[in-house]
Amino acid sequence: MADNQLLQLFFYLLPAVVVGVVSFYFFQMHTSNEEKRRRFVLRQENQKSALPVKLQAFERMTLFIERISLGKLLLRVKPASNSLEEYETLLTHTIDMEFEHNLAQQIYISSECWNVIKTAKNATIGMIRKAVKREDVDTADKLREVLLTNLMDQAAPTDAALEYIKKEVRDII
């Protein structure tokens, strides 16, 4: 009779155990889904607040690229004297100062975009230094003339960087 009562007890407990296991499983699923939903909502809210900051960073970098483009740089930064070395230093210093002013923006843009911007900056400085080394360049005015002539012959390195920034912004929006 004890076996019979034990078997009856087992049959009475079996549905309770099954219901308990199924309930535990559904509770775990529900908890997991709620956690995923909370993370999704939090990510959405973060993106809402981060998007304007990212777009502002791209705006600042666009302004930087425009300010160091050789055509605009040469119009904005006039030589103080006719000294070639002083004007070269002034131009490269202006580019470096603009770059340092915008260093923090790299946090908000991709590494690849930042590398393109740095490459454009370095290529612009390289164009200035290459023009200075030419034998026919001996004054600041001649340097300006050579640099502007080079811009007509070849695309400015800042043009590629500007296009890359525009592409990144289109991908974000």
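The table that follows gives values for the structure above.
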read-out	value
So A104, is it at negative phi, loosely packed, with under 13 Cβ neighbours inside 10 Å, out of contact with any Pro (no Cβ under 8 Å at 6 or more places or on another chain) and not in a helix (DSSP H, G or I)	no
Test: residue in segment 74-95 that is under 30 Å from A50 (Cβ atoms) and either over 29 Å from the mean Cα position of the chain (by Cα) or not small (G, A, S) (or both)	yes
Selection status of V22, more than 19 Å from D159 (Cα to Cα) and surrounded by 10 or more Cβ atoms within 10 Å (Cβ to Cβ)	yes
Sole residue being under 30 Å from A57 (Cα atoms), touching a residue at least 40 places away in the same chain (Cβ under 8 Å) and either in contact with a Leu (Cβ under 7 Å, 6 or more places away or on another chain) or not in a helix (DSSP H, G or I) (or both), chosen from T124, T158, T119	T124
Which numbered condition T62 misses (of (1) surrounded by 10 or more Cβ atoms within 10 Å (Cβ to Cβ); (2) out of contact with any Leu (no Cβ under 7 Å at 6 or more places or on another chain))	(2)
Residue check for K121: closer than 30 Å to V169 by Cα, surrounded by 12 or more Cβ atoms within 10 Å (Cβ to Cβ) and in contact with a Phe, Trp or Tyr (Cβ under 7 Å, 6 or more places away or on another chain)	yes
Segment 140-172: number of residues that are closer than 18 Å to K130 by Cβ and in contact with a helix residue (DSSP H, G or I) (Cβ under 7 Å, 6 or more places away or on another chain)	12
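We did not get these values from a lab; they are worked out from the coordinates using the rules stated. If you're wondering where the values come from, they're calculated on a predicted model, not measured in any experiment. Please note: Cβ atoms are built from the backbone with ideal geometry, for glycine as well, and neighbour counts cover all protein chains shown.
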